[in-house]
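Undergrad: Starting off with a structure, shown below.
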Amino acid sequence: MKVDKSLPLEYSTEENSLKILGFWIFIGAEIMLFATLFASYFTLENRVGSGPSGAEIFEITPVLIETLLLLTSSFTIGLAIHAMRLNRTKATMTFFAITLLLGAAFLGVEIYEFMHYVHVGAGLQTSAFTAILLTTLGTHGLHVTFGLFWGLFILLQIKKRGLTPETANKSFIFSLYWHFLDVIWIFIFSFIYLKGMM
Amino acid sequence: MDFFDRFAVPHPSFLIYASMVGIGLTMLAIVLGITYFKKWGYLWREWITTVDHKRIGIMYLLSALLMLFRGGVDAIMMRYQLSVPENTFLDSQHYNEVFSTHGVVMILFMAMPFIIFFFNYVIPLQIGARDVAFPRLNALSFWLFFMGMGLFNISFIVGGSPDAGWTSYFPLAGNEFSASVGTNYYMIAIQIAGLGTLMTGINFITTILKMRAPGMTLMKMPMFTWSAFIANVIIVFAFPVLTVLLAMGTMDRLFGTNFFTTDNGGMDMLWANLFWVWGHPEVYILILPAFGIFSEIISTFARRNLYGYKSMVASMVVISLLSFVVWAHHFFTMGQGPLSNSIFSITTMAIAVPTGVKIFNWLFTLWKGKIEFTTPMLYSIMFIPLFTLGGVTGVMLAMSAADYQYHNTMFLVAHFHNVIIPGVVYAMLAGLTYYWPKIFGFMLNERLGKWTAWLMSIGFVLAFIPMYITGLDGQARRMYTYSESTGFGMWNMVSFIGAGVMAISFALLVYNIYWSIRYASRDIGDDPWDARSLEWATHTPVPEYNFAVTPQVDSTQAFWDSKKNGYELFQGKVEKIHMPNNSGLPFIMSCIFFVFGFAMVFSIWPLAIVSLIGILGCLAYRSFEQDHGRYISVEEIEETERKLRGAKK
Ligand code: HEM
Ligand SMILES: [Cu+2]
């Protein structure tokens with residue numbers, strides 16, 4: 001494997017830069033995935049059948065907490081990558097761990113939120129609106145869950161192998177993924193929650 | 001026991017029992033054969049675990065040919081059923097299942113793998129690369145596709161086939177009207193195969209952007225690579241829509257959600273819209289690479305550079321953009337207003353313009369060329385008028401007001417076969433004949449090949465032109481029979497005969513392959529067609545590493561220039577080459593996907609959960625795995641090169 005020392009570690013081999021480009025294209029596909037979900041959401045938003053509407057079930061507090069947790073985690077993963085660029089393994093790992101903890105906390109609140117929806121009679125089978133609501137949120141939530149495991153594995157690899165071109169590449173790609181989930185959340189926050197509560 | 005009730009076909013017939021026995025015996029014969037000849041190890045090492053794009057390509061090809069015959073048998077059964085009025089060969093339920101699976105199999109499990117075979121085999125060679133960007137992902141793509149295909153095909157003998165059309169419109173496809181597991185198969189099998197296709201898209205975009213030989217700028221890429229590039233971009237933008245759509249459909253069927261129901265707020269038209277947001281671009285994913293293949297073949301056998309290279313590229317870009325804004329032409333009559341009908345009518349017709357540009361470019365290339373009538377060229381030349389006819393009837397269908405007359409009649413069926421057979425199927429057969437010598441080291445018989453092409457065209461005209469007539473006369477599609485008094489009988493008989501002629505032409509193709517394996521000359525050199533692009537610049541058979549020395553490109557026709565103008569293609573000396581290692585993981589993971597899919601179809605939740613954990617386990621394993629590939633040494637390369645050169649001349 002040829003390592004080009006003049007480039008940042010995560011770009012330093014040919015394989016690495018291929019992987020980063022490939023991941024950007026994958027994000028393109030993910031954008032389409034969420035765009036489809038949003039389009040379906042807007043189509044079905046008012047088709048509540050005999051179930052509740054968004055305004056009746058949305059609660060601002062948990063959503064604000066979720067937003068805060070996820071935005072902060074996006075910031076800390078940025079710090080992790082920054083530390084990685086400075087070749088500071090310990091700091092990288094610490095920020096990585098903080099990011100994952102924040103992500104887990106986000107997920108905890110989201111699970112609470114889902115239980116609340118089911119409790120107030122807005123389950124998956126209630127109406128087209130609740131189905132698309134829970135599917136859209138759930139898809140994002142599943143992405144976060146997946147990211148937690150993925151991030152954890154990368155963290156373990158950094159611990160075991162240090163910052164190599166391979167682990168640096170994985171961390172960088174993970175950070176792209178994590179920022180992306182944050183961007184999606186902002187759309188969810190604005191166009192599902194805020195719009196729904198207004 | 002209800003165990004058997006569950007997996008039994010709900011609506012059995014003699015034909016299905018006979019196929020079960022047939023399939024069972026064939027499987028047994030294959031397993032025994034492999035065991036007897038002790039080929040398991042070879043299969044595992046050389047094929048199942050391979051990450052070589054050429055071998056993966058060949059596996060796609062085999063799958064596609066297999067499915068061509070499965071879909072073909074469906075087609076013949078349909079035509080036979082309709083050949084005379086009041087026929088009782090198939091009943092309505094079986095007819096429904098046959099046309100549904102025919103459509104899915106032909107589009108998703110025949111045409112798609114066929115073009116992906118070309119992507120795999122040709123693109124890396126054509127851009128002078130050693131491999132695709134992500135060889136392992138490529139293997140995973142193939143095996144996911146393969147398992148999706150397998151899952152879809154067993155629906156025939158385990159649990160029952162989908163019967164709601166290949167478009168699977170709701171509410172027809174909902175539990176109420178499609179109670180058997182057939183539509184579950186549809187949702188889940190296509191989902192698994194579709195994941196594979198999406199990964200293919202990502203892989204080839206990266207490959208084409210990053211791995212071109214030095215000197216090959218975007219505007220020096222061969223036309224097939226260009227067409228494939230655009231098709232892959234469409235894949236990446238269209239397939240996620242399918243993913244979401246199928247997931248919602250699955251949830252409606254398995255978890256009782258109300259996305260597409262007609263109560264509790266559900267909206268059946270959402271399915272139709274999203275289906276065609278994917279479905280219409282899908283057609284262009286197939287046709288653009290087909291255009292690319294025709295371009296290669298036409299310029300090779302007209303012995304001329306392609307006329308209007310830049311306009312060819314531009315027209316494909318325009319087509320790809322337009323393909324995303326025409327989807328609603330599939331339901332002009334389903335209750336949208338005149339304004340949206342008009343908009344979609346106009347955008348649809350607009351596609352005729354860039355397509356026309358391409359037709360003219362091919363004609364101008366031929367105009368001043370020294371045409372050589374080889375088999376691939378014959379297909380390409382027959383394609384032009386036949387496809388144009390399909391295009392013209394397409395514009396007729398695109399007139400939304402007039403579509404109230406043709407909608408859901410045989411006219412429509414005639415139209416799309418008129419574009420898809422001369423467009424896609426001819427391109428595949430032309431391309432197959434063209435690349436056959438590069439892949440297998442011998443040519444297919446030209447005389448038999450030309451017979452095949454002619455018979456296919458005669459059969460095609462007989463089979464499909466009558467449908468225009470009966471369609472305008474009101475023969476509805478998807479009807480399993482009709483009465484004597486409609487007068488459709490004679491035309492449908494003609495159509496059945498045409499389908500028979502097409503079947504004969506396919507049989508001839510098989511015979512041709514058999515004949516050529518036995519008798520064709522093995523001494524054909526590396527460049528039997530005197531072709532123009534890089535894939536012909538390497539040896540036949542292609543060594544594992546494709547090119548011993550990376551070629552240097554200076555024009556759109558670098559290889560042609562190296563032959564005719566003394567341009568030096570291979571500058572520089574042999575160096576050790578980095579190659580990826582084989583891996584069993586893609587296959588194993590896809591097998592677990594198969595089990596997962598099966599468990600979902602039949603709602604066997606514990607098995608579904610266990611297999612899902614298995615899939616995640618594979619991903620976790622992969623995350624920790626370290627595999628830096630291996631090197632092929634300079635001596636080894638020189639040894640291989642010497643042998644390959646020695647074999648020829
Ligand atoms: C080889 C000769 C073929 C014959 C004789 C044939 C015959 C037919 C017939 C009779 C139908 C209409 C079913 C109905 O609506 O009642 C049909 C539908 C269809 N065919 Fe073919 N077909 C052939 C090849 C192909 C190929 C190569 C493809 C695709 C690459 C294809 C794709 C389709 C599709 C997508 C449908 C629509 C299915 C539906 O109505 O849901 N066919 N075919
Ligand atoms: Cu269309």
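Undergrad: Which of the helices (runs of 4 or more DSSP H) found entirely inside region B:41-158 contain at least 1 residues meeting this: under 24 Å from A:Ile25 (Cα atoms)? First the steps, then the outcome.
TA: Details: elements: B:53-82, B:92-104, B:112-126, B:135-154.
Answer list for region B:41-158: B:53-82, B:112-126, B:135-154.
Undergrad: Now a separate question. What number goes with the only condition from (1) within 8 Å of chain A (Cβ to nearest Cβ); (2) open to solvent by 10 Å² or more (accessible area, probe 1.4 Å); (3) of a type outside the set (Lys, Arg); (4) within 18 Å of A:Leu134 (Cβ to Cβ) that B:Asp263 does not pass?
TA: (4)
Residue-by-condition table, conditions (1) within 17 Å of the chain's Cα centre (by Cα); (2) more than 9 Å from ligand 1 (Cβ to nearest atom); (3) open to solvent by less than 30 Å² (accessible area, probe 1.4 Å):
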site: B:Leu66; (1), (2), (3): yes, yes, no
site: B:Arg70; (1), (2), (3): yes, yes, no
site: B:Met77; (1), (2), (3): no, yes, no
site: B:Glu86; (1), (2), (3): no, yes, no
site: B:Asp91; (1), (2), (3): no, yes, no
site: B:Ala111; (1), (2), (3): yes, no, yes
site: B:Phe117; (1), (2), (3): yes, yes, yes
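Undergrad: For residues in region B:447-490 being within 30 Å of B:Arg522 (Cβ to Cβ) and open to solvent by less than 50 Å² (accessible area, probe 1.4 Å), which is farthest from the chain's Cα centre (by Cα)? Let's see the steps before the verdict.
TA: As a first pass, look at region B:447-490 and keep what is within 30 Å of B:Arg522 (Cβ to Cβ): B:447-456.
Retained after the next criterion (residues that are open to solvent by less than 50 Å² (accessible area, probe 1.4 Å)): B:448-449, B:452-453, B:455-456.
Numbers: B:Leu448: 24, B:Gly449: 21, B:Thr452: 20, B:Ala453: 20, B:Leu455: 22, B:Met456: 19 Å.
For region B:447-490, the residue satisfying everything is B:Leu448.
Undergrad: Next question, about the same structure. Starting from residues that are open to solvent by 20 Å² or more (accessible area, probe 1.4 Å) and more than 12 Å from ligand 1 (Cβ to nearest atom), keep the ones in region B:277-291 and report whichever is farthest from the other protein chains (Cβ to nearest Cβ).
TA: Of all residues in region B:277-291, those open to solvent by 20 Å² or more (accessible area, probe 1.4 Å) come to B:277, B:283-284.
So of that shortlist, the ones also more than 12 Å from ligand 1 (Cβ to nearest atom) come out as B:277, B:284.
Details: B:Val277: 8, B:Tyr284: 16 Å.
Taking the candidates together, the pick is B:Tyr284.
Undergrad: Okay, moving on. Could you list, ordered by first residue, the pairs with Cβ atoms under 6 Å in which the first is in region B:338-354 and away from chain A (no Cβ under 14 Å) and the second is in a helix (DSSP H, G or I) and more than 15 Å from ligand 2 (Cβ to nearest atom), at least 6 apart or interchain?
TA: Here the result reads B:Pro354/B:Ser315; B:Pro354/B:Val318, each pair linking region B:338-354 to a residue that is in a helix (DSSP H, G or I) and more than 15 Å from ligand 2 (Cβ to nearest atom).
Undergrad: Assess whether B:Phe260 counts as being within 16 Å of ligand 1 (Cβ to nearest atom) and either assigned to a helix (DSSP H, G or I) or over 23 Å from B:Ile343 (Cβ atoms) (or both).
TA: On the way: within 16 Å of ligand 1 (Cβ to nearest atom): no; either assigned to a helix (DSSP H, G or I) or over 23 Å from B:Ile343 (Cβ atoms) (or both): yes.
So B:Phe260 does not fit the description; no.
Undergrad: Right, here's the next one. How do the pairs read when you match residues in region A:31-49 that are more than 7 Å from every other protein chain (Cβ to nearest Cβ) with residues anywhere that are hydrophobic (A, V, I, L, M, F, W, C), using Cβ under 6 Å and keeping only pairs 6 or more apart or on different chains?
TA: Matching pairs, first to second residue: A:Phe34/A:Ile184; A:Tyr41/A:Ile132.
Undergrad: So, in region A:30-56, exactly how many residues are small (Gly, Ala, Ser), surrounded by 20 or more Cβ atoms within 10 Å (Cβ to Cβ) and under 21 Å from the mean Cα position of the chain (by Cα)?
TA: Within region A:30-56, residues that are small (Gly, Ala, Ser), surrounded by 20 or more Cβ atoms within 10 Å (Cβ to Cβ) and under 21 Å from the mean Cα position of the chain (by Cα) number 1.
Undergrad: Tell me, which residue of region B:321-347 that is in a helix (DSSP H, G or I) and among the hydroxyl-bearing types (Ser, Thr, Tyr) is farthest from ligand 1 (Cβ to nearest atom)? First the steps, then the outcome.
TA: In the first step, residues of region B:321-347 are kept if they are in a helix (DSSP H, G or I); the result is B:321-325, B:327-331, B:338-347.
Of the ones still in play, those that are also among the hydroxyl-bearing types (Ser, Thr, Tyr) are B:323, B:340, B:342, B:345, B:347.
On the way: B:Ser323: 17, B:Ser340: 24, B:Ser342: 26, B:Ser345: 22, B:Thr347: 22 Å.
So, considering only residues that are in a helix (DSSP H, G or I) and among the hydroxyl-bearing types (Ser, Thr, Tyr), the one farthest from ligand 1 (Cβ to nearest atom) is B:Ser342.
Undergrad: Could you figure out which of (1) open to solvent by less than 40 Å² (accessible area, probe 1.4 Å); (2) more than 16 Å from ligand 2 (Cβ to nearest atom); (3) in a helix (DSSP H, G or I) isn't true of B:Leu306?
TA: Evaluating B:Leu306 over (1) open to solvent by less than 40 Å² (accessible area, probe 1.4 Å); (2) more than 16 Å from ligand 2 (Cβ to nearest atom); (3) in a helix (DSSP H, G or I) leaves (3) as the failure.
Undergrad: Okay, next question. Can A:Lys159 be described as within 14 Å of another protein chain (Cβ to nearest Cβ), more than 30 Å from A:Pro62 (Cβ to Cβ), in a helix (DSSP H, G or I) and within 17 Å of the chain's Cα centre (by Cα)? Even if it seems obvious, please write down each step before you answer.
TA: Values: within 14 Å of another protein chain (Cβ to nearest Cβ): yes; more than 30 Å from A:Pro62 (Cβ to Cβ): yes; in a helix (DSSP H, G or I): yes; within 17 Å of the chain's Cα centre (by Cα): no.
For A:Lys159, the condition - within 14 Å of another protein chain (Cβ to nearest Cβ), more than 30 Å from A:Pro62 (Cβ to Cβ), in a helix (DSSP H, G or I) and within 17 Å of the chain's Cα centre (by Cα) - is not met.
Undergrad: Also: Applying the selection to region B:325-337, what residues are within 14 Å of ligand 2 (Cβ to nearest atom) and without any contact (Cβ under 8 Å) to a residue 40 or more places away in the chain?
TA: B:Val325
The values are calculated or read from the model by the stated rules, or taken from the named source; none is laboratory data. What you see is a predicted model; the values in this text were computed from it and never measured. Positions of Cβ are generated from backbone atoms using ideal geometry, with glycine treated the same way; all protein chains shown enter the neighbour counts. Calculation scope for accessible area: heavy atoms of the full protein, side chains included, ligands and nucleic acids excluded. Shrake-Rupley method; radii C 1.70, N 1.55, O 1.52, S 1.80 Å.
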